[in-house]
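Input: a single structure, listed below in structure tokens.
The values are calculated or read from the model by the stated rules, or taken from the named source; none is laboratory data. Every value quoted in this text rests on a predicted model; they were computed, and no experiment measured them. A quick note on method: Cβ atoms are made from the backbone with ideal geometry, for glycine too, and the neighbour counts reach across all protein chains shown. Please note that ligands, DNA and RNA were not included when accessible areas were found on the heavy atoms of the full protein model with its side chains. Shrake-Rupley method; radii C 1.70, N 1.55, O 1.52, S 1.80 Å.
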Amino acid sequence: MASSLKARGNLLANPSEQLRVLTRTDCIVPFEERMRRAGLDPLYATGITVFQINVGKLCNQTCRHCHVDAGPDRRETMSRETAELCIRALAQTEMAQVDITGGAPELNPNFRWLVEQAKALGRHVIDRCNLSVLLLASQADLAEFLACHEVEVIASLPYFRSAQTDAQRGAGVFEKSILALRTLNQLGYGRQGTRLLLNLVCNPVGAFLPPKQEALEAQFHRSLEREHGVVFNHLYTITNMPISRFLDFLRETDNYEGYMERLVNAFNPAAAAGVMCRYTISVGWNGTLYDCDFNQMLDLPLHSGLPRHIADFDAGLLHQRRIVTCNHCYGCTAGTGSSCGGSIA
Ligand code: SF4
Ligand code: SF4
């Protein structure tokens with residue numbers, strides 16, 4: 001299995017090096033300037049309905065395009081104390097959705113406690129699941145736990161064929177994903193008439209933008225049901241963010257500038273007006289607050305003057321906050337945008 005950029009000592013493991021690359025991309029109009037022309041700079045939040053908690057970077061996979069630089073070698077993980085601060089902040093607000101991500105969020109010892117607490121507060125809970133985690137011996141009862149708490153599963157599957165999926169996520173991942181999807185289906189996930197939502201997320205396997213969602217969704221439904229007996233609710237397509245391991249891939253393959261130009265040329269003002277940071281607040285494993293999971297990975301904190309840590313959470317100040325943007329944001333504004341709250345696990 002491949003290792004993280006951090007374990008390899010790759011310069012791009014450092015968020016400031018990624019920002020240096022992104023801000024010195026001369027071939028494109030800076031993102032703020034493009035947003036100004038669209039009448040959207042500065043960008044402000046429109047209220048917070050999604051509370052996204054990233055519980056850490058530990059993962060059982062090491063996918064090639066991971067924007068978290070997650071993997072089995074990562075040790076950053078949210079403590080119980082920080083998880084309690086998250087629940088305390090949640091209880092003070094009416095944020096309807098709690099979106100738990102990682103790494104593989106289920107590997108955090110506080111994951112199930114977070115789910116139970118958020119459900120007790122009456123919130124809708126999403127688990128960004130990589131599917132293969134369901135097959136680990138330590139997670140033998142995970143699928144039942146998720147079903148019992150009516151947790152929505154948003155699962156990554158880059159393609160409905162093994163070659164493309166395994167190329168991005170590792171040898172054998174497609175087969176494991178199918179086994180995990182069947183387990184979820186057996187519990188009622190993805191089936192009509194149940195409250196168990198199973199949504200898939202696919203992202204392109206190379207340096208190109210995702211195809212139209214509707215056509216691809218129909219292909220996924222057809223192929224997964226016919227060839228594997230798997231059903232699901234919806235497919236979301238997302239654009240690969242030019243950060244972390246995907247940025248490394250772009251540079252290694254000499255595709256970086258071309259990819260950035262493609263993103264800029266596909267800039268869509270409607271997608272820009274609807275970016276997820278406008279209705280999301282993101283919490284990092286150590287409690288630091290960010291506008292989104294991508295800014296979190298670039299270590300771009302909230303705008304000056306705003307609370308920086310979950311211990312200081314203040315919904316009044318955060319609801320209409322100014323959002324911190326940079327050139328990676330072109331990944332959210334290309335085409336129809338990314339339709340599932342952005343990040344994948
Ligand atoms: S990367 Fe984050 S801050 Fe930038 S547009 Fe996307 S969601 Fe907003
Ligand atoms: S993309 Fe998801 S499953 Fe893959 S290494 Fe990153 S966090 Fe893990």
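Descriptive notes on the structure:
- Ranked by solvent-accessible area (1.4 Å probe, protein heavy atoms only, all chains present), the residues His303, His328 order from largest to smallest as His303, His328.
- Part-to-part distance (alpha-carbon centres) for the stretch 9-46 and the stretch 156-205, which is given in Å: 32
- In sequence order, calculated HN-Hα J values of the stretch 325-333 (Karplus, 6.51, -1.76, 1.60; Hz; x Gly/Pro): 10, 7, 5, 5, 4, 4, x, 9, 10
- Rg over Rh [alpha-carbon atoms, Kirkwood Rh] for the chain: 0.94
- A cut-off under 11 angstrom between Cβ atoms defines the neighbours of Ser3, and their net charge, with Lys, Arg +1 and Asp, Glu -1, is +2.
- Sparsely packed loop sites in the stretch 151-196 (the trypsin sites (Lys or Arg not before Pro) outside DSSP H, G, I, E and B with at most 16 other Cβ atoms within 10 Å) comprise Arg161, Arg191, Arg195.
- Qualifying aspartates and glutamates (Cα of each under 16 Å from Cα of Lys6; at least 8 residues distant if same chain): Glu17, Asp69, Asp73, Glu76, Asp248, Asp299
- Hits among aspartates and glutamates - C-alpha to C-alpha of Lys119 under 18 Å, sequence gap 8 or more where chains match: Glu84, Glu94, Asp99, Glu106, Asp127, Glu144, Glu150, Glu152
- Taking θ as phi - 60° and the Karplus parameters 6.51, -1.76 and 1.60, the scalar couplings of the stretch 273-290 work out to 6, x, 4, 5, 4, 6, 10, 10, 10, 10, 10, x, 4, 9, x, 5, 9, 9 Hz in sequence order, x denoting glycine and proline.
- Taking Cβ atoms as reference points and 12 Å as the exclusive limit, the residues near Val205 contribute a net charge of +2, counting Lys and Arg as +1 and Asp and Glu as -1.
- Rounded to the nearest 10 Å², the accessible area of Tyr256 at probe 1.4 Å: 20
- Electrostatic bookkeeping for Leu114 treats Lys and Arg as +1 and Asp and Glu as -1; over the other residues with beta carbon under 14 Å from its beta carbon, the sum is 0.
- Gyration tensor (alpha-carbon) shape descriptor, the stretch 1-158, a/c threshold 1.5: oblate
- Overall form of the stretch 1-75 per C-alpha gyration tensor (a/c, 1.5; a/b vs b/c): oblate
- For the chain, DSSP calls about 20 percent of its internal beta bridges antiparallel.
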